[in-house]
Amino acid sequence: MPFQGTCLCGQTTVDVQSDHTDQIVCHCLDCKQTSGSAFSTNILAPQKSVTITGPIKTFDIKAPSGNTVSRIFCSNCGSAISHKSVAFGEAQAIQTGNFRDFAKIPVSTELFVKDRWNGIPAIEGAAQFRMMPS
């Protein structure tokens with residue numbers, strides 16, 4: 001099932017032409033800062049299946065792994081759209097908070113659980129990783 005999402009202002013759209021029956025929660029500091037929350041929700045989609053249109057800006061940052069992560073934002077409203085890293089191979093992470101359909105799709109994996117905030121329980125049935133699996 002293809003998915004279409006938009007940023008907060010609606011000027012940047014994201015089309016994902018691949019099927020996803022689950023999503024990932026990430027508790028790393030970078031994801032917390034870009035989401036403005038305690039974690040981010042994402043899918044890993046093949047780059048060839050993702051089309052981002054509208055005004056965007058990219059910000060590169062070095063992750064704790066030493067890899068560069070390229071964060072993609074709407075340049076008008078600042079909504080986090082996606083991020084790329086060599087750790088993802090030919091895929092890219094897409095922030096699912098920009099898609100209404102993902103509210104009904106279960107979380108299968110939690111990453112960087114060592115950085116999970118106190119008071120936020122593990123998601124039942126989701127695989128738990130202290131850091132990014134290799």
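The values are calculated or read from the model by the stated rules, or taken from the named source; none is laboratory data. Model, not experiment: these values are computed from the prediction. Cβ: placed from backbone, ideal geometry, glycine included. Neighbour counts: every protein chain shown. SASA here: full protein model, heavy atoms, side chains in, ligands and nucleic acids out. Shrake-Rupley method; radii C 1.70, N 1.55, O 1.52, S 1.80 Å.
The figures follow:
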| item | result |
| --- | --- |
| Extension gain (nm, one decimal) between Q47 and S75, 0.36 nm per residue minus Cα-Cα | 8.0 nm |
| Residue-averaged [θ]222 nm for the chain, counting only DSSP H segments that reach four residues, each worth -39500 (n - 2.57) | -1500 deg cm²/dmol |
| Förster-model FRET efficiency, 25 Å R0, F59 and L8, C-beta, rounded to 0.05 | 0.90 |
| Length-normalised contact order for the stretch 1-131 - Cα pairs under 8 Å, 6+ apart - percent | 27 |
| Whole-percent carbon and sulfur share, accessible surface of the chain, 1.4 Å | 54 |
| Among V50, V86, V25: highest mean-square fluctuation, GNM of the chain, C-alpha pairs under 10 Å | V86 |
| Tensor-based shape of the stretch 43-103 (alpha-carbon gyration tensor, a/c under 1.5 rounded, otherwise prolate or oblate) | oblate |
| Relative pair counts by distance (%), Cα atoms of the chain, 10 Å bins | 12, 46, 36, 6 |
